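The values are calculated or read from the model by the stated rules, or taken from the named source; none is laboratory data. Values in this document were obtained by computation on a predicted structure and should not be read as measured data. Glycine gets a Cβ as well: all are built from the backbone with ideal geometry, and neighbour counts include every protein chain shown. To get the accessible areas, we keep the full protein, side chains included, count just its heavy atoms, and leave off ligands, DNA and RNA. Shrake-Rupley method; radii C 1.70, N 1.55, O 1.52, S 1.80 Å.
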Amino acid sequence: MKNNNVIYGVLLLLFLASFPWVLGQMSHDDDTSIPTIIDADPFNLPRLPSVQLINEPLQPVRKPRNLNEEKVALGRRLFLDKRLSPRGDISCDSCHRLNEGGVDHRSHALGGDPSRGSINTPGIYNSANNFRWYWDGRAETLEAQVDESLTSLTEMGADWQELLETLASIAEYQAMFSQTYPENGISKESVIDALVAFERSLITVDAPFDRYLLGEKNALTPEQQNGYQLFKSYGCSACHQGGNIGGNMFQLFGVMGDYFADRNPIFEVDMGRFNVTGKDDDRHRFRVPSLRNVALTAPYFHDGSVATLEQAVMVMASYQLGRPIPIDDARLIVAFLHSLNGPGMGGE
Ligand code: HEC
Ligand code: HEC
């Protein structure tokens, strides 16, 4: 009995002590300051109707404006076309399946080099709203990301010259490119530009959670509302925040426990941002992923190590917050995460 009290006391202290710790770990890119949430304009926020909403760590998104529909349509066609790959056997959509939440559901992406470790395919929906791209954030612009996605052996593995020759040999593309890009025609710049436009169009708006934030209180079930409160009170929203519910900062994976020692062995991709900067501080640091549509994108984490969302939430609680959370709370959080699915994305 006495022992139990001591244990509870210690647990309570750990619980309380973890708050400043987690906050202390927050860094935004170059470890400057916590990003302010309300000026996150890259997310193209609706003009906020209520003071209450301004205080929310999570924000709704709106359809992107000023997209050139012709470029989007051309980008879509390129995205779905297997002829862009050297052997004509894969398209972007083979791994980022548009009708399956934008992923391939493999723990280890098809093209990944196993000696570097297992790398999971991230979702393509809402990816354009991230502040950097790839798990380690190595691409600083969407243009750099599309260039890499086309040429990297982990993804399409194409060679620019061959790719442009292939496109030039297809009458349909000749027509589309000269119509859409009268000055450049079929060129590296226009191929990248069209794919970037298509990626920017893939924003999922009007998820039940967005409608809830904008005032439609019964857009979420009571369980989902409880789950949202827990998501905030446990501190998940310290990292998964803003309009993309993530995607706007780098954070350690294993703030409160050594995930990688526990998982073992450690591979190159597990070093995260360290592979980009070479800074010790960046070992195992990753871009915080967006949680929009996350219920549709199993398996989870950069290594695809976890099969269910419930397990992913439990791992986060242990390694990011320093305390396992009761399974009932994890289930409520999962119910809330389902409310981040865009309409028509499937799953609900
Ligand atoms: C063979 C599977 C595969 C193919 C084909 C593929 N990708 Fe990827 N894609 C991946 C993997 C794996 C990653 C993550 C790699 C990493 O972070 O190191 C990724 C990352 C991305 C990202 C970054 C997402 C984010 O938010 O960080 C985007 C965007 C993307 N790919 C778009 C494309 C486009 C466009 C194409 C076609 C030109 C394409 N991909 C082809 C597997 C693939
Ligand atoms: C200290 C920052 C931080 C906190 C706090 C945090 N996360 Fe995360 N979360 C991350 C990072 C970083 C990753 C990516 C880890 C990886 O795969 O390398 C991640 C990944 C995830 C994923 C997997 C997403 C995917 O697409 O694979 C889910 C789900 C998730 N977090 C939910 C939560 C929940 C729920 C909480 C609260 C219980 C939480 N997170 C708390 C930083 C955080």
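A few comments on the model shown:
- Any chance Val315 is within 9 Å of ligand 2 (Cβ to nearest atom) and open to solvent by less than 20 Å² (accessible area, probe 1.4 Å): no
- The residue that is nearest to ligand 2 (Cβ to nearest atom), counting only those in the stretch 86-115 that are among the basic types (Lys, Arg) and farther than 14 Å from Gly304 by Cα, is Arg97.
- Looking across the stretch 92-117 at every residue that is open to solvent by less than 30 Å² (accessible area, probe 1.4 Å) and more than 7 Å from ligand 1 (Cβ to nearest atom), the one that is nearest to Tyr300 (Cα to Cα) is identified as Val103.
Let's see how each residue does on (1) more than 20 Å from Ile325 (Cα to Cα); (2) in contact with a helix residue (DSSP H, G or I) (Cβ under 8 Å, 6 or more places away or on another chain); (3) near ligand 2 (Cβ under 10 Å from one of its atoms):
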{"residue": "Cys239", "(1), (2), (3)": "no, yes, yes"}
{"residue": "Asn248", "(1), (2), (3)": "yes, no, no"}
{"residue": "Ala261", "(1), (2), (3)": "yes, no, no"}
{"residue": "Ile266", "(1), (2), (3)": "yes, yes, no"}
{"residue": "Val269", "(1), (2), (3)": "yes, yes, yes"}
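- Scanning the stretch 248-270 for residues that are without any contact (Cβ under 8 Å) to a residue 60 or more places away in the chain, under 12 Å from Asp303 (Cβ atoms) and either part of a strand (DSSP E or B) or of a type in the set (D, E, K, R) (or both) yields a single hit, Arg263.
- Meeting the requirement of 2 or more residues that are among the basic types (Lys, Arg) and more than 16 Å from ligand 2 (Cβ to nearest atom), the helices (runs of 4 or more DSSP H) wholly within the stretch 128-214 are 188-201.
- Taken over the stretch 301-348, the residue count meeting the criterion of being over 21 Å from Gly243 (Cβ atoms) and among the aromatic types (Phe, Trp, Tyr) is 2.
- Considering the stretch 292-312, the residues that are more than 16 Å from ligand 1 (Cβ to nearest atom) and either outside any loop (DSSP other than H, G, I, E, B) or of a type in the set (A, V, I, L, M) (or both) include one that is most open to solvent (accessible area, probe 1.4 Å), namely Gln311.
- Residues satisfying the stated conditions in the stretch 318-340, i.e. crowded, with 22+ Cβ neighbours inside 10 Å and of a type outside the set (A, V, I, L, M): Gln320, Phe336, His338, Ser339
- Taking the listed residues Asp193, Asp206, Asp258, the one that is open to solvent by 10 Å² or more (accessible area, probe 1.4 Å), within 16 Å of ligand 1 (Cβ to nearest atom) and farther than 16 Å from Val334 by Cα is Asp193, with no other qualifying.
- Taking each residue of the stretch 71-99 that is without any contact (Cβ under 8 Å) to a residue 24 or more places away in the chain and farther than 23 Å from Pro182 by Cα and looking for partners that are open to solvent by less than 50 Å² (accessible area, probe 1.4 Å) and away from ligand 1 (no atom under 12 Å from the Cβ) with beta-carbon atoms closer than 7 Å, six or more apart or interchain, yields Lys82/Gly88.
- Test for Ile186: is it more than 17 Å from the chain's Cα centre (by Cα) and either aliphatic (A, V, I, L, M) or over 17 Å from Lys71 (Cβ atoms) (or both): yes
- Condition broken by Ser233, with the remaining ones in (1) out of contact with any Ser or Thr (no Cβ under 7 Å at 6 or more places or on another chain); (2) more than 14 Å from ligand 1 (Cβ to nearest atom); (3) within 30 Å of Glu172 (Cβ to Cβ) satisfied: (3)
- Residue count for the stretch 65-85, restricted to those that are more than 20 Å from Glu172 (Cβ to Cβ) and either open to solvent by 80 Å² or more (accessible area, probe 1.4 Å) or within 16 Å of ligand 2 (Cβ to nearest atom) (or both): 2
- Flag not set for Val315, criterion: under 24 Å from Gln59 (Cβ atoms) and among the β-branched types (Val, Ile, Thr).
- Filter pass, Ser127 being in contact (Cβ under 8 Å) with a residue 24 or more places away in the chain and closer than 18 Å to Asn248 by Cβ: yes
- The criterion of being hydroxyl-bearing (Ser, Thr, Tyr), more than 15 Å from ligand 1 (Cβ to nearest atom), farther than 21 Å from His302 by Cβ and surrounded by fewer than 21 Cβ atoms within 10 Å (Cβ to Cβ) holds for Ser178.
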